[in-house]
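Trainee: I am attaching a structure below and will ask some questions about it afterwards.
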Amino acid sequence: MSWWTDRHFFLLAVIIYGASAVYSLFLWRKGFREDDRVNYGLLLAGMILQTKAMFMRGFSLKECPVHNLYEAMTFVDWTIVAVYLVIGLWPRLRYLGAFAAPVIVAIGVFALMPGLDPAHTDPPLLAANALVSLHAALTLLSYGAFGLSSVAGVMYLTQEHDLKFHKLRAVFALMPPIDRLEKITSRLLWAGLVLLTSGLVLIPWLLKSRPELHAGADPKVIWSGLVWVLYLALLVLHGRFAQSGRRFAWGAVAGFAFVVLTFWGVNLLSPSHRF
Amino acid sequence: MPLLVIGVSHHSSPVTVRERFAFPEAALPGALQQLRASGLAREAVILSTCNRVEIYAVSDLPESLAAVRLRQFLLDYHGLPDLPGGEIYARGGRQGLEHLFKVACGLDSMVLGETEILGQLKKAYQTALGHRHTGGVLNKAFQRAFHVAKHIRTETNIQRGSVSVGSVAVELAERIFSTLSEHPVMVIGAGETSEKTARALLSRGARSIFVSNRSHERAVALAQELGGRAVSFDDWAAEFPLIDILVSSTSAPHCILDRARLEPLMKARKHRPLLLIDIAVPRDIDPSVNFLDNVYLYNIDDLQAIADDYLKQRRDQIARCEAIIAEKAGAMMPAGADVVAAANGPLPGLGQANA
C-alpha cells in the first residue's frame with residue numbers, strides 16, 4: 001500500500017461523497033420520507049478516508065496541510081463534512097447531508113484538478129509557519145461553516161417553498177421545522193464569522209515576518225474584509241431588522257456562492273496567497 | 001385449544017346496534033365472572049369500545065357449539081332479542097388469532113392504523129388478567145398481539161401520518177415551529193372543527209390559546225375548556241401580534257382577513273412565521289395573504305388532501321401488514337391446529353367479520 005499517497009485516499013473519499021450525492025437524488029425523488037442513515041454512513045466513510053489523507057499530508061509536511069489550493073479546498077471540504085456529521089446525529093437534521101453532498105463533491109472534484117497541488121518549496125520557518133497554519137486553518141474552517149450554512153439555507157428554501165405551495169412533501173418529509181433551520185443557518189454563520197475574525201486578526205503578526213508585503217494593497221486581505229463585512233451585515237439585518245427567513249437563507253447561499261466563485265481568482269491576484 | 005372471537009364491530013353493524021351490546025367498564029369483571037361461571041369459557045377477555053364489542057374466549061366446548069352459546073350469552077346479557085342479520089360475527093382458530101392481531105394493529109379500526117385501540121385492548125386484557133379470567137392460551141395470544149402491533153408499527157408505515165384535519169394542522173405547525181409551547185394560538189369561531197384542531201394543538205404542547213367568537217359567551221366557555229383566554233370578536237386583531245398560529249372557522253359570508261389587513265399586523269409581529277388554518281366555508285382568509293413572506297395559509301381542502309394522502313399511504317401498507325400477521329399467527333398456530341379448527345366446520349348462524 002506504500003504507493004498509495006494521500007491524494008489517492010482523498011480521491012477515494014470524493015468517490016464515496018459522489019455516491020452519497022447520487023443517493024441523495026433518490027432521497028429527493030422519494031420525498032425524504034425515510035431516515036437518512038445510509039447517506040450519513042457514506043459521508044462518515046468518506047470523512048474517515050479524507051481524515052487519513054489529511055493526516056498523511058500533515059505528517060509528511062510536519063505542519064497543518066493548508067498551504068496550497070488543493071490543501072485549502074480539502075480542508076474546507078473536511079470542515080463541512082465534520083460539522084454535518086455532528087449535526088446529523090439528530091435524526092431530523094440528517095437530511096442536511098443530502099443537501100451537503102453535492103457541495104462536498106463539487107469542492108472535492110475542484111481540489112483534485114491538476115495544477116492545484118504543487119510541491120512545497122518554502123523552507124519551514126517554524127514560528128512563522130505555525131502562525132500561518134493557524135491563520136489558514138481558522139479562515140478555512142470559517143469557509144467550511146459558511147458552506148454548511150448555505151446548505152442549511154438551501155434546505156430552508158426547499159422546505160419553505162414546499163410549505164408555501166402546499167406540496168405534500170412539506171408534511172411527509174422527515175425534515176426539521178423551518179424555524180430550526182433558520183437557527184442552524186444563523187449559528188453556523190456566527191461560528192464562521194467568529195472563526196474568520198480570529199483568522200483575520202492574526203494578519204498583523206503574520207506581516208511582521210513578511211515586511212515586503214502590505215496588507216492594505218493585498219487583494220486577498222481586502223476580499224477577506226469584504227466577506228467579513230457581508231456576513232456581518234447579513235447577521236445584523238437578520239437579528240436587528242427582522243429580515244425574513246427566506247431572504248436570510250438566500251443571503252447565506254449567495255454569500256457562500258460569492259466565496260466559492262471568487263476564492264481561486266483572488267488567490268491568483270494576491271502576492272501573499274499565491275500557491 | 002383454539003381461540004374464539006365473537007362480537008359486533010363497525011364493519012358489521014351500525015352504532016344503533018353496537019351501543020346495545022356495549023359493556024360499561026365497571027360491569028366488565030362481573031360479565032367475565034358470569035361468562036366463566038356459565039361453563040362457556042375457560043378463559044375470556046371482553047373488549048368494549050365505541051366501535052366494537054368482542055369476546056375473546058377459550059372454551060372446552062366444540063368450537064361451533066361454543067360460538068352459538070357465546071352468541072346467546074351476548075344477547076342474553078344485554079336482554080336483546082335474536083338478530084336476524086349477520087351483525088354478530090365469529091372467528092375461530094387461526095382466523096380468530098389473526099383477527100386479534102389485526103385489531104391490535106388498528107387494521108380493523110374505523111380509522112385505519114389508529115393506535116387508540118391498542119391501549120383499549122391492553123386495558124381489556126389487564127382487566128381480565130387482574131380478575132384471573134385469562135390462562136395460558138389468552139395470555140400467550142394477547143402478549144403476542146401486543147408484540148405484533150409493536151413490530152408492525154416499527155416495520156411499516158401503517159400508523160404514520162395524520163388522517164384527521166386537526167392532526168394535519170398540528171403536523172403543519174410542527175413543520176414550521178420547533179416547539180408549539182412557545183407559539184400562541186388564536187381560534188376565531190368556536191365551531192366543532194376549530195375546537196378539535198385547538199385540542200390537537202394543545203395535546204402536542206401548545207399552551208397559550210386565545211378564543212374569539214361572535215357569541216362571546218361561547219368564546220368564554222370554549223376558552224375555559226381549553227385553558228385559554230376569550231377575546232372579544234371586535235378586538236381579535238389587537239391580540240394578533242402575540243400569536244403565531246391562527247385557526248379560523250367563522251360563519252362570516254366574506255373574508256375577515258385579507259392582505260391589506262394582514263400586512264400591518266405582520267409588521268407588528270416583526271414578521272415572525274405565521275400559520276393560518278382556514279377551515280371555514282366560505283373561506284375566512286383571502287388566499288392572496290399566502291404571497292406575504294413568512295405567512296403559510298392552508299384551507300380545509302389543503303388539509304383534507306394531506307389527510308387523504310396519508311390514508312392512501314396507510315392503505316398501501318395493508319398487504320404488508322397482513323403478510324406479517326399471517327406469518328406471526330402461523331408461527332404461533334401451526335397449520336395442523338388450523339386444520340383441526342376448520343374441521344369443526346363453519347360457525348352456524350354467525351356472520352364473518354369483514355376484517
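Trainee: Tell me, please, whether a residue that is β-branched (Val, Ile, Thr) and under 12 Å from B:Tyr56 (Cβ atoms) can be found in the range B:105-125.
Mentor: The initial filter retains those residues of the range B:105-125 that are β-branched (Val, Ile, Thr), namely B:111, B:115, B:117.
In the following step, the residues that additionally are under 12 Å from B:Tyr56 (Cβ atoms) were identified as none.
No; the residues of the range B:105-125 include none that is β-branched (Val, Ile, Thr) and under 12 Å from B:Tyr56 (Cβ atoms).
Trainee: Output the residue which, of all residues in the range B:295-320 that are more than 18 Å from the chain's Cα centre (by Cα) and within 18 Å of B:Leu100 (Cα to Cα), is nearest to the other protein chains (Cβ to nearest Cβ).
Mentor: B:Arg320
Trainee: While we're here: Return yes or no: is A:Ser224 part of a helix (DSSP H, G or I), of a type in the set (Gly, Ala, Ser), away from every other protein chain (no Cβ under 14 Å) and closer than 21 Å to A:Thr79 by Cα?
Mentor: Numbers: part of a helix (DSSP H, G or I): yes; of a type in the set (Gly, Ala, Ser): yes; away from every other protein chain (no Cβ under 14 Å): yes; closer than 21 Å to A:Thr79 by Cα: yes.
The answer is yes for A:Ser224.
Trainee: Would you check which residues across the range A:26-80 are hydroxyl-bearing (Ser, Thr, Tyr), more than 19 Å from A:Asn267 (Cβ to Cβ) and within 19 Å of the chain's Cα centre (by Cα) and list them? Outline the logic, then answer.
Mentor: The first filter runs over the range A:26-80 and keeps only residues hydroxyl-bearing (Ser, Thr, Tyr), leaving A:40, A:51, A:60, A:70, A:74, A:79.
Among the residues that remain, those that are also more than 19 Å from A:Asn267 (Cβ to Cβ) are: A:40, A:51, A:60.
Across the range A:26-80, the qualifying residues are A:Tyr40, A:Thr51.
Trainee: Which residues, taken from the range B:167-201, are more than 14 Å from every other protein chain (Cβ to nearest Cβ) and within 28 Å of B:Lys312 (Cβ to Cβ)? Steps first, answer last, please.
Mentor: Of all residues in the range B:167-201, those more than 14 Å from every other protein chain (Cβ to nearest Cβ) come to B:184-201.
Selection gives B:Gly191, B:Glu192, B:Thr193, B:Ser194, B:Glu195, B:Lys196, B:Thr197, B:Ala198, B:Arg199, B:Ala200, B:Leu201.
Trainee: Identify all residues within the range B:285-294 that are out of contact with any Lys or Arg (no Cβ under 8 Å at 6 or more places or on another chain) and either facing chain A (nearest Cβ under 8 Å) or surrounded by fewer than 23 Cβ atoms within 10 Å (Cβ to Cβ) (or both); write none if there are none. Don't jump to the end; show me each part of the working.
Mentor: Just the residues of the range B:285-294 that are out of contact with any Lys or Arg (no Cβ under 8 Å at 6 or more places or on another chain), to begin with: B:285, B:287.
Across the range B:285-294, the qualifying residue is only B:Pro287.
Trainee: Right, here's the next one. Output the number of residues of the range B:169-210 satisfying the condition of being in a helix (DSSP H, G or I) and either closer than 16 Å to B:Thr115 by Cα or among the hydroxyl-bearing types (Ser, Thr, Tyr) (or both). Quick ask: steps written out before the conclusion?
Mentor: First, pick out the residues of the range B:169-210 that are in a helix (DSSP H, G or I): B:169-176, B:180-182, B:192-203.
If we keep only those that are either closer than 16 Å to B:Thr115 by Cα or among the hydroxyl-bearing types (Ser, Thr, Tyr) (or both) too, we end up with B:181, B:193-194, B:197, B:200, B:203.
So the answer is 6.
Trainee: Find the residue count for the range B:42-79, including only residues that are under 30 Å from the mean Cα position of the chain (by Cα) and small (Gly, Ala, Ser).
Mentor: Step one: filter the range B:42-79 for residues under 30 Å from the mean Cα position of the chain (by Cα), giving B:43-58, B:67, B:70-79.
So of that shortlist, the ones also small (Gly, Ala, Ser) come out as B:44, B:48, B:57, B:67, B:79.
So the count comes out to 5.
Trainee: What single numbered condition from (1) aromatic (Phe, Trp, Tyr); (2) within 33 Å of the chain's Cα centre (by Cα); (3) over 20 Å from B:His183 (Cα atoms) fails to hold for B:Phe291?
Mentor: Of everything listed in (1) aromatic (Phe, Trp, Tyr); (2) within 33 Å of the chain's Cα centre (by Cα); (3) over 20 Å from B:His183 (Cα atoms), B:Phe291 misses just condition (2).
Trainee: Moving to a separate point now. Only one of (1) of a type in the set (A, V, I, L, M, F, W, C); (2) within 11 Å of chain B (Cβ to nearest Cβ); (3) buried (at least 19 other Cβ atoms within 10 Å of the Cβ) is not met by A:Leu174, so which one is it?
Mentor: A:Leu174 satisfies every listed condition except (3).
Trainee: Select from the range B:21-40 the residues that are in a helix (DSSP H, G or I) and buried (at least 16 other Cβ atoms within 10 Å of the Cβ) and list them in ascending order.
Mentor: So in the range B:21-40, the residues in a helix (DSSP H, G or I) come out as B:21, B:25-37.
B:Phe21, B:Leu28, B:Ala31, B:Leu32, B:Leu35, B:Arg36, listed by residue number.
Trainee: Output the residue which, of all residues in the range B:41-61 that are part of a strand (DSSP E or B) and among the hydroxyl-bearing types (Ser, Thr, Tyr), is farthest from B:His10 (Cα to Cα). Step through it out loud before you land on a result.
Mentor: Here is the first cut: in the range B:41-61, the residues part of a strand (DSSP E or B) are B:43-48, B:52-58.
From what is left, the residues that are among the hydroxyl-bearing types (Ser, Thr, Tyr) are B:48, B:56.
Values: B:Ser48: 12, B:Tyr56: 17 Å.
Among them, the one singled out is B:Tyr56.
Trainee: Here's something else I'd like to know. May I ask you to list pairs of residues, at least six apart or on different chains, whose Cβ atoms are under 8 Å apart, with the first in the range B:252-280 being within 11 Å of chain A (Cβ to nearest Cβ) and in contact (Cβ under 8 Å) with a residue 12 or more places away in the chain and the second being assigned to a helix (DSSP H, G or I) and acidic (Asp, Glu)?
Mentor: B:Pro273/A:Asp179
Trainee: Here's another thing I want to ask about it. Of the residues that make up the range B:216-231, is at least one among the small types (Gly, Ala, Ser), away from every other protein chain (no Cβ under 14 Å) and in a strand (DSSP E or B)? Spell out the reasoning first.
Mentor: Residues of the range B:216-231 that are among the small types (Gly, Ala, Ser), as a first pass: B:219, B:221, B:223, B:227-228, B:230.
Checking which are away from every other protein chain (no Cβ under 14 Å) leaves us with B:219, B:221, B:223, B:227-228, B:230.
Restricting the remaining residues to those that are in a strand (DSSP E or B) gives B:230.
Yes, the range B:216-231 contains at least one residue that is among the small types (Gly, Ala, Ser), away from every other protein chain (no Cβ under 14 Å) and in a strand (DSSP E or B).
Trainee: Condition test on B:Arg94, is it more than 23 Å from B:Val15 (Cβ to Cβ) and either free of Cβ contacts under 8 Å to residues at least 60 places away in the same chain or in a loop (DSSP other than H, G, I, E, B) (or both)?
Mentor: Details: more than 23 Å from B:Val15 (Cβ to Cβ): yes; either free of Cβ contacts under 8 Å to residues at least 60 places away in the same chain or in a loop (DSSP other than H, G, I, E, B) (or both): no.
Spelling it out, it is not the case that B:Arg94 is more than 23 Å from B:Val15 (Cβ to Cβ) and either free of Cβ contacts under 8 Å to residues at least 60 places away in the same chain or in a loop (DSSP other than H, G, I, E, B) (or both).
Trainee: Suppose we filter the range A:177-219 for residues that are within 14 Å of another protein chain (Cβ to nearest Cβ) and surrounded by fewer than 16 Cβ atoms within 10 Å (Cβ to Cβ); how many remain?
Mentor: So the answer is 2.
Trainee: Can you name every residue in the range A:146-171 that is closer than 21 Å to A:Leu85 by Cα, of a type in the set (A, V, I, L, M) and either surrounded by 24 or more Cβ atoms within 10 Å (Cβ to Cβ) or within 14 Å of chain B (Cβ to nearest Cβ) (or both)?
Mentor: A:Leu148, A:Val151, A:Ala152, A:Met155
Trainee: While we're here: Does B:Ala128 count as in a helix (DSSP H, G or I), touching a Cys at 6+ places or on another chain (Cβ under 6 Å), outside the structural domain of B:Arg272 (by TED's automatic domain parsing) and not β-branched (Val, Ile, Thr)?
Mentor: Numbers: in a helix (DSSP H, G or I): yes; touching a Cys at 6+ places or on another chain (Cβ under 6 Å): no; outside the structural domain of B:Arg272 (by TED's automatic domain parsing): yes; not β-branched (Val, Ile, Thr): yes.
So B:Ala128 does not fit the description; no.
The values are calculated or read from the model by the stated rules, or taken from the named source; none is laboratory data. Quantities reported herein were computed from a predicted structural model and do not represent experimental measurements. Every residue, glycine as well, gets a Cβ built from its backbone with ideal geometry; the counts of neighbours run over all protein chains shown.
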